[in-house]
Structure formats: C-alpha cells, structure tokens
Amino acid sequence: MLEVIGERGKDTLLDNVAIALGDNDRPISPTLYYPEIYQNLSLAFTVPSAQQSDLLNQFAQNWYSQLEGLADWHDNHNCECEFEYTDYYIGYWCFELVLAANVLGIPKKSLADSVYVPVDLIKN
C-alpha cells in the first residue's frame, strides 16, 4: 500500500510506518504533511514506548475536530441534502491510529475510548 501511495522520503509519518513494516532502506523525511493534525501520531514512532499510548490518545482526542475544513466528509452526517453526502456516510473512523497502534504494538486497553477509533481492528 505504501508503494501505491508513494511519497517515499516526503512525509516522516509515512516513512516511519514503512520502516516499522520492514523498509529499512527508506529515507526519513524531516517534514510531515499536515503537522497540525498528525504531529502526535508521528511522534509516537520516535518516543520511548512508555509515552506512545499518551500520544495516540491525544491524537484520537483531536483527530475529528482538526479535520474540519480539510476533509470533504467532515460533518456530512449533518447534511440534509438528499443523495449528496448522506449516501456514503458510514461513520468516522480513524484508521491511521489503528495502523500506528498495530505497528507499534500498543494494546487497545491503553487507548482511551473514542467513538472514532475502531478498536476491534487493533490486534493487541
């Protein structure tokens, strides 16, 4: 999937995920796309393991609100436009947190309850 996304050496979060998945020759970018949203998630790959769950919890707490104005699906559950946005609303799911938790081995019990995090997808 990372090969399809591309961006090799252009986003520190994607680079750290790729390295954690075995791409050891990947250059790590010093920059992060959308740092105002993804800073805590990205930092989780660089801090001691004892601090990782705190960063993921902070990320989850702010994830949805920080996407306002950036994600076209934000607030589409409130749209009263027939067939425009409501047809594809199935919930707001923070899959990027699930990916980080699984790659870093963070157990779901250390993550705070969040309506945005599909904890059933976290393997530990």
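The values are calculated or read from the model by the stated rules, or taken from the named source; none is laboratory data. Being a predicted model, the structure only gives us computed values, none of them experimental. Don't worry about glycine lacking a Cβ; one is built from the backbone with ideal geometry, like all the others, and counts go over all protein chains shown.
Condition check ((1) of a type in the set (V, I, T); (2) without any contact (Cβ under 8 Å) to a residue 40 or more places away in the chain) across all residues:
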residue	(1), (2)
I28	yes, yes
T31	yes, yes
I37	yes, yes
L41	no, no
Q51	no, yes
N57	no, no
W63	no, no
L70	no, yes
Here the residues within segment 46-68 that are assigned to a loop (DSSP other than H, G, I, E, B) and within 21 Å of Y116 (Cα to Cα) are L67, E68
Single residue of segment 26-45 satisfying the filter (closer than 21 Å to D113 by Cα and small (G, A, S)) that is farthest from the chain's Cα centre (by Cα): A44
Could you give every pair whose Cβ atoms fall below 6 Å, whose first residue belongs to segment 100-124 and is over 15 Å from L41 (Cα atoms), and whose second residue is charged (D, E, K, R), counting only separations of at least 6 or pairs across chains? V119/K108; I122/K108
Select from segment 24-59 the residues that are polar (S, T, N, Q) and over 14 Å from T12 (Cβ atoms) and write down the one among them that is modelled with the lowest pLDDT. N24
Subset tally (residues that are exposed (fewer than 10 other Cβ atoms within 10 Å of the Cβ), on the phi > 0 side of the Ramachandran plot and either at pLDDT 75 or above or not aromatic (F, W, Y) (or both)) for segment 60-84: 1
With respect to D120, determine if the residue is within 17 Å of the chain's Cα centre (by Cα), at negative phi and at pLDDT below 95. yes
Conditions (1) of a type in the set (A, V, I, L, M); (2) surrounded by 13 or more Cβ atoms within 10 Å (Cβ to Cβ); (3) over 14 Å from Y92 (Cβ atoms); number of the one not met by I5: (2)
